[in-house]
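A short worksheet on the structure shown next.
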Ligand code: G1P
């Protein structure tokens, strides 16, 4: 029998403003933008749960209560659907609630991703945990977070998800460099948050999934503001790397950047094409559109 993982909690920072999607995000969190009929944040939670995560910790902010409502019961709606015998709809409404246990903490000020993770310190406590960013969706046979958890359980050091990005895009990401280990591994030696173009040899970008030991909290508490005047998770990870080591894993699977408008549209098409009841109509419609433009 395989040993149960110690990684039971995932921190999901959802406090960001989502300015790239205004005006859609004026009164609605960007994490609630749907991929077909499922909000992107639910796909993230589903990935975590498929990887064995039991508790989700949202780091939220003002204007984000729709996320908490989405993962809560909706007694009136449920009663109505039940009375009408709409069992499929009822199951869809209940699913988010039943996936995991939920907690949320507020990030009162936008002080950066490192600060957002630090806000979850008391809820996570003294145990390893995952961090998953809502802008990066993954469709993979083994959930992206699950791939990292397996490496964490094997190595006992922090693990970050990496993907090689095309040359010229390095400045959009945290970039890792180090010593290759097998086909997909990297013993991380250096990390830099959003390097200026042409300043890094590596094109291995951090793609929004991390499994970290609780020591990261103490490190983040001492990490000074970095790029953009914000407390950067990447800077905290660089310290963790020098003290305890850090491992990078090129995760297997397709990644969609739903924090970007074009990426969001592409992801929508992908998820529609994976749905048997929609696939043929969507494919025909897209082909027609592409012929005309
Ligand atoms: C954050 C991280 C960055 C990472 C990226 C992945 O940046 O700071 O290191 O590469 O997520 O999506 P953001 O995209 O929030 O600016």
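The values are calculated or read from the model by the stated rules, or taken from the named source; none is laboratory data. What you are looking at is a predicted structure, and each value in this text was computed from that prediction instead of being measured. Note that we place each Cβ from the backbone using ideal geometry, even for glycine, and neighbour counts take in every protein chain shown.
Give the range 68-86 a look and list any residue that's surrounded by 10 or more Cβ atoms within 10 Å (Cβ to Cβ) and without any contact (Cβ under 8 Å) to a residue 24 or more places away in the chain, or say none.
69, 74, 77, 78, 79, 80, 81, 82, 84, 86
Can you tell me which residue is farthest from the ligand (Cβ to nearest atom) among those in the range 214-254 that are surrounded by 21 or more Cβ atoms within 10 Å (Cβ to Cβ) and under 21 Å from residue 51 (Cα atoms)?
247
Of the residues in the range 195-213, how many are under 15 Å from residue 130 (Cα atoms) and more than 16 Å from the ligand (Cβ to nearest atom)?
1
I'd like the full set of residues that are touching a residue at least 40 places away in the same chain (Cβ under 8 Å) and not in a loop (DSSP other than H, G, I, E, B), limited to the range 257-293.
257, 261, 264, 267, 268, 270, 271, 272, 278
Which residue is modelled with the lowest pLDDT, if the candidates are limited to the range 103-118 and must be closer than 12 Å to residue 14 by Cα and within 16 Å of the ligand (Cβ to nearest atom)?
The selected residue is 110.
For the structure I just gave you, tell me whether residue 209 is touching a strand residue (DSSP E or B) at 6+ places or on another chain (Cβ under 8 Å), under 15 Å from residue 11 (Cα atoms) and not in a loop (DSSP other than H, G, I, E, B).
So residue 209 passes the test.
Among the residues of the range 100-120, is there at least one that is without any contact (Cβ under 8 Å) to a residue 12 or more places away in the chain, exposed (fewer than 15 other Cβ atoms within 10 Å of the Cβ) and more than 30 Å from residue 194 (Cα to Cα)?
no
Enumerate the helices (runs of 4 or more DSSP H) found wholly within the range 43-102, keeping only those where 3 or more residues are at pLDDT 95 or above and closer than 25 Å to residue 148 by Cβ.
In the range 43-102, 87-99 are the helices (runs of 4 or more DSSP H) which contain 3 or more residues that are at pLDDT 95 or above and closer than 25 Å to residue 148 by Cβ.
Identify the single condition in (1) without any contact (Cβ under 8 Å) to a residue 40 or more places away in the chain; (2) in contact with a strand residue (DSSP E or B) (Cβ under 9 Å, 6 or more places away or on another chain) that residue 59 does not satisfy, given that it satisfies every other one.
Among (1) without any contact (Cβ under 8 Å) to a residue 40 or more places away in the chain; (2) in contact with a strand residue (DSSP E or B) (Cβ under 9 Å, 6 or more places away or on another chain), the lone unmet condition for residue 59 is (1).
Mind listing whichever residues of the range 1-42 are surrounded by 16 or more Cβ atoms within 10 Å (Cβ to Cβ) and part of a loop (DSSP other than H, G, I, E, B)?
5, 7, 8, 14, 15, 16, 18, 25, 28, 29, 33
Yes/no per residue for (1) within 15 Å of the ligand (Cβ to nearest atom); (2) farther than 24 Å from residue 137 by Cβ:
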| position | (1), (2) |
| --- | --- |
| 161 | yes, no |
| 172 | yes, no |
| 178 | no, yes |
| 181 | no, yes |
| 184 | no, no |
| 187 | no, yes |
| 190 | yes, yes |
| 193 | yes, no |
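Testing residue 152 on (1) in contact with a strand residue (DSSP E or B) (Cβ under 6 Å, 6 or more places away or on another chain); (2) in a helix (DSSP H, G or I); (3) within 16 Å of the ligand (Cβ to nearest atom), one condition comes back false. Which one is that?
(3)
In the range 111-128, how many residues are touching a helix residue (DSSP H, G or I) at 6+ places or on another chain (Cβ under 6 Å) and in a loop (DSSP other than H, G, I, E, B)?
Number satisfying all stated conditions: 0.
Against the definition (over 25 Å from residue 9 (Cβ atoms), touching a helix residue (DSSP H, G or I) at 6+ places or on another chain (Cβ under 8 Å), within 13 Å of the ligand (Cβ to nearest atom) and in contact (Cβ under 8 Å) with a residue 40 or more places away in the chain), how does residue 131 come out, yes or no?
For residue 131, the condition - over 25 Å from residue 9 (Cβ atoms), touching a helix residue (DSSP H, G or I) at 6+ places or on another chain (Cβ under 8 Å), within 13 Å of the ligand (Cβ to nearest atom) and in contact (Cβ under 8 Å) with a residue 40 or more places away in the chain - is not met.
What about residue 196, is it more than 20 Å from the chain's Cα centre (by Cα) and either in contact (Cβ under 8 Å) with a residue 40 or more places away in the chain or more than 12 Å from residue 117 (Cα to Cα) (or both)?
Answer is yes for this residue.
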